[in-house]
Structure formats: structure tokens, C-alpha cells
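These notes concern the structure reproduced below.
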Amino acid sequence: MNKTKKPLLTSLMRPAPTLSPEEQQRIQAENNAKLFGLPTDTPITSAPTPEPAPAMWVPSGQWVQFGTYIKDHTYLQLKQAEYFEPGFEIREFVEEALKAALAELDSAQKSLPVNAMEKLLKTNKKLGRQQQ
């Protein structure tokens with residue numbers, strides 16, 4: 001009897017194609033639209049001009065949306081932990097893992113130069129406008 005073996009799931013996986021910044025932005029806009037219930041055909045408009053940056057910025061500890069790509073097996077492990085581990089929250093876990101990794105990077109502990117910080121506060125909505 002000649003049985004054909006089914007290919008393993010891992011053999012079917014292909015590396016993700018490299019996306020252009022424009023394509024990444026389009027996908028992010030579609031994902032945000034789906035997450036927040038907006039129609040996907042809503043045109044993306046530029047953000048209003050931020051107010052002048054304050055002289056001193058103090059972290060508020062609020063959550064800010066941050067997206068990145070991870071490998072599929074890492075995502076699966078996160079979902080397994082979320083399912084089996086009581087009280088496991090992915091964002092808390094990622095926050096702690098990033099803080100631990102950044103604590104080991106000397107460059108992450110240096111303050112940005114004043115002009116770089118001002119530019120960041122003016123151009124980045126996540127830091128530029130703190131919600132009270």
C-alpha cells in the first residue's frame with residue numbers, strides 16, 4: 001500500500017515577505033480600522049499639528065500601542081501561555097521582557113539630546129500628547 005505522507009506544517013511555512021514602509025503603513029491602517037470598528041475605506045488623513053513640546057517630558061506610565069512582528073512559533077507560545085497560565089497577560093509579559101532586555105543596553109539608559117527629544121515629542125503622538 002503506497003501512502004503519501006502529508007507535509008509537516010513547518011515545511012509549509014514560508015518566510016514572510018519584506019514589506020515596503022508604505023505597505024506596512026497600509027496594513028497597520030487596515031488593522032487599526034478593524035480593531036477600532038472603523039470602515040476600512042476611510043481615507044487616512046494626516047494628524048493635526050501637535051502643540052509645542054513642553055520643556056520637560058515626564059513619563060505617565062500609560063499604555064501606548066506598539067506593534068511589531070514576531071515569529072509564528074513565538075506567537076503560538078504566547079497564546080499557549082495565555083490559555084494555560086492563570087492571569088497571564090501578553091502585554092504585561094512583553095512589557096517586562098522588554099524592560100529587562102533594555103536594562104542591559106547602555107544606550108537605552110542614555111537621555112536623548114534635547115533637540116532629538118523635542119523632535120520626538122513634536123512628531124510622535126504617543127509621547128507628544130499625554131492624556132490626563
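I'm trying to understand the selection: among the residues of region 91-113, which are farther than 25 Å from Ala81 by Cα and surrounded by 10 or more Cβ atoms within 10 Å (Cβ to Cβ)?
Ala108, Leu112
Take Gln28 and tell me if it is assigned to a loop (DSSP other than H, G, I, E, B) and modelled with pLDDT of 60 or more. If you could, list the steps in order and put the result at the bottom.
Working: assigned to a loop (DSSP other than H, G, I, E, B): no; modelled with pLDDT of 60 or more: yes.
So Gln28 fails the test.
The values are calculated or read from the model by the stated rules, or taken from the named source; none is laboratory data. None of the values given here were measured: they were computed from a predicted structure. When we count neighbours, we look across all protein chains shown, and the Cβ atoms used for this are built from the backbone with ideal geometry, even at glycine.
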